[in-house]
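The values are calculated or read from the model by the stated rules, or taken from the named source; none is laboratory data. All values derive from a computational prediction rather than experimental measurement. Because the Cβ atoms are built from the backbone with ideal geometry, glycine has one as well, and the counts that use them run over all protein chains shown. Side chains included, ligands, DNA and RNA excluded: accessible areas come from the protein's heavy atoms. Shrake-Rupley method; radii C 1.70, N 1.55, O 1.52, S 1.80 Å.
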Amino acid sequence: MEIKKQTNLRGTLTVPGDKSISHRAVMFGSLAKGTTCISHFLEGADCLSTISCFRKMGISIERRKSEILVHGKGLHGLSAPEALLDVGNSGTTTRLISGILAGQKFISELDGDDSIRTRPMKRIVTPLASMGADITSKRGNGCVPLLIHGKELHAVHYDSPVASAQVKSCVLLAGMYADGVTSVTEPFLSRNHTEIMLNYFGANVTSEGTTASILPEPVLEGRAVKVPGDISSAAYFIAAGLLTPGSEILLKNVGINPTRAGMLKVCMDMGADITLLNQSTEGEPTADLLIRTSNLKGTTVEGAVIPTLIDEIPMIAVMAAFADGTTVIRDAQELKVKESDRITVMVENLKRMGADIEGTDDGMIIHGGKPLHGATIDSHLDHRVAMSFAVAGTICDGSMEILHGDCVKISYPNFYQDLYSLGDK
Ligand code: S3P
């Protein structure tokens with residue numbers, strides 16, 4: 001994929017629906033009684049993997065006009081899948097579904113692509129096993145393929161060593177099938193979409209600090225879910241608007257849940273001109289974001305803010321390379337186990353562009369403001385790496401080529417069209 005330089009980004013854009021919320025709407029809708037109607041659903045490859053898994057377990061899911069209808073069968077309404085469940089590239093599908101499958105009365109098997117086959121699943125197998133689940137990593141390496149023999153589950157309290165919404169959600173979902181109150185404490189608060197949406201569907205989830213607890217056997221009812229724009233997709237246009245000379249863009253209806261909106265805080269710390277308009281707090285909080293070209297300076301990104309921007313770090317690293325001064329990113333060792341090792345891959349590719357960057361055990365140090373030029377970028381099939389460097393390519397001089405640039409379909413199928421929709425024609 002070759003990237004063209006752009007100036008003067010102007011106009012309005014609605015980014016695709018939130019990936020995390022789209023996954024959950026399909027999953028909880030499948031476990032609810034009655035129909036769940038999802039609008040602004042993200043039709044990216046990851047969320048389609050979730051739909052395909054639930055269809056294989058007997059759930060009818062249809063597209064009607066621009067909405068997705070999930071005809072749920074209740075908490076105990078899934079049927080044994082005849083074939084293996086293909087999770088594709090999706091960590092969220094794998095980890096959340098495992099929590100549901102652990103408490104079913106049938107056997108199931110999960111498998112996916114080469115990337116998901118390297119991602120750590122012990123982090124969910126360990127707490128699920130403590131609840132009585134029977135899960136085997138078929139290759140003995142702690143990754144998929146996973147063979148899950150459904151069992152009766154016991155309630156536990158789990159102290160998670162990682163701040164991960166996928167781990168937390170997996171345990172809470174298993175907790176719906178357990179024999180008492182199940183709770184999870186994490187070191188920092190991760191995204192809380194599961195807690196919000198399960199309560200909206202009729203479950204009883206309480207949160208105190210970084211602990212979330214769930215009562216078993218909820219009766220979930222089908223609901224209408226309006227998926228907000230994905231702040232992780234908006235991130236590319238926030239960065240493009242801030243860094244491209246002569247820009248003023250409006251991003252409509254973006255989710256700004258505080259457990260997701262760390263990117264906005266970091267941008268403000270870097271000196272960004274961002275205004276929040278039309279804020280709404282009904283359900284998941286949303287706002288329109290007005291972005292204007294800004295002179296950015298380096299900052300430090302660490303601690304509790306990390307889980308709230310974990311997927312935006314590739315874009316933040318690119319912004320830091322264009323900004324003046326030094327940016328330090330630490331406490332972000334989770335980057336190593338995403339769709340690629342995002343520390344290694346960002347350092348390798350930003351160096352190719354001429355950036356002064358070094359990787360550390362838990363992040364990166366970027367000395368910004370060096371002249372950057374186009375390069376051949378290896379996305380390592382990681383959608384967020386591809387999109388971050390595509391934005392970089394619209395700003396710097398010299399030709400920019402993204403290898404396997406079509407991997408953006410995982411979370412943002414129309415990314416390149418949207419990227420070129422705002423600049424001078
Ligand atoms: C997600 C949680 C995060 C995030 C992923 C989506 C979710 O992963 O990186 O893209 O929907 O719960 P972790 O929970 O592993 O940090």
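For the stretch 152-170, the tally of residues that are open to solvent by less than 30 Å² (accessible area, probe 1.4 Å), over 18 Å from the mean Cα position of the chain (by Cα) and within 14 Å of the ligand (Cβ to nearest atom) stands at 1. Pairs only if they're at least six apart or on different chains, beta carbon under 8 angstrom, first in the stretch 190-215 and modelled with pLDDT of 95 or more, second open to solvent by 40 Å² or more (accessible area, probe 1.4 Å) and within 14 Å of the ligand (Cβ to nearest atom); list them, first residue then second. The qualifying pairs are 209/189; 210/187; 210/188; 210/189. Has the stretch 290-304 got any residue that is closer than 19 Å to residue 16 by Cβ, at pLDDT 95 or above and open to solvent by less than 10 Å² (accessible area, probe 1.4 Å)? Scanning the stretch 290-304 turns up at least one residue that is closer than 19 Å to residue 16 by Cβ, at pLDDT 95 or above and open to solvent by less than 10 Å² (accessible area, probe 1.4 Å). Could you list all residues from the stretch 308-352 that are within 19 Å of residue 264 (Cα to Cα) and acidic (Asp, Glu)? Of everything in the stretch 308-352, those that are within 19 Å of residue 264 (Cα to Cα) and acidic (Asp, Glu) turn out to be 311, 312, 324, 331. Restricting attention to the stretch 119-131, the residues that are away from the ligand (no atom under 14 Å from the Cβ) and open to solvent by 30 Å² or more (accessible area, probe 1.4 Å) total 4.
This table checks each residue for (1) within 16 Å of the ligand (Cβ to nearest atom); (2) in a loop (DSSP other than H, G, I, E, B); (3) of a type outside the set (Ser, Thr, Tyr).
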| position | (1), (2), (3) |
| --- | --- |
| 180 | no, yes, yes |
| 191 | yes, yes, yes |
| 202 | no, yes, yes |
| 232 | yes, no, no |
| 237 | no, no, yes |
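Scan 372, 335 and give me the residue that is open to solvent by less than 30 Å² (accessible area, probe 1.4 Å), closer than 23 Å to residue 115 by Cα and assigned by TED's automatic domain parsing to the domain that holds residue 265. Checking each option against the conditions leaves just 335. Here residue 327 fits the description: outside any helix (DSSP H, G or I), in the same structural domain as residue 12 (by TED's automatic domain parsing), of a type in the set (Ser, Thr, Tyr) and open to solvent by less than 10 Å² (accessible area, probe 1.4 Å).
Quick check on residue 283: is it modelled with pLDDT of 95 or more, assigned by TED's automatic domain parsing to the domain that holds residue 384 and either open to solvent by 10 Å² or more (accessible area, probe 1.4 Å) or not β-branched (Val, Ile, Thr) (or both)? Before you say what the answer is, go through the steps one by one.
Values: modelled with pLDDT of 95 or more: no; assigned by TED's automatic domain parsing to the domain that holds residue 384: yes; either open to solvent by 10 Å² or more (accessible area, probe 1.4 Å) or not β-branched (Val, Ile, Thr) (or both): yes.
Here the answer is no, as residue 283 does not meet what is asked.
The residues of the stretch 338-352 that are crowded, with 23+ Cβ neighbours inside 10 Å, away from the ligand (no atom under 16 Å from the Cβ) and of a type outside the set (S, T, N, Q) amount to a single one, 350.
Does the stretch 96-118 hold any residues that are open to solvent by 30 Å² or more (accessible area, probe 1.4 Å) and assigned to a strand (DSSP E or B), and which are they? Correct list: 107, 109.
Considering only the stretch 48-59, I want to know if a residue exists there that is open to solvent by less than 50 Å² (accessible area, probe 1.4 Å), assigned by TED's automatic domain parsing to the domain that holds residue 215 and free of Cβ contacts under 8 Å to residues at least 24 places away in the same chain. Yes, the stretch 48-59 contains at least one residue that is open to solvent by less than 50 Å² (accessible area, probe 1.4 Å), assigned by TED's automatic domain parsing to the domain that holds residue 215 and free of Cβ contacts under 8 Å to residues at least 24 places away in the same chain. Scanning the stretch 79-95 for residues that are assigned to a loop (DSSP other than H, G, I, E, B), within 14 Å of the ligand (Cβ to nearest atom) and of a type outside the set (Gly, Ala, Ser) turns up just one, 89.
Scanning the stretch 299-321 turns up at least one residue that is within 18 Å of the chain's Cα centre (by Cα) and of a type in the set (S, T, N, Q).
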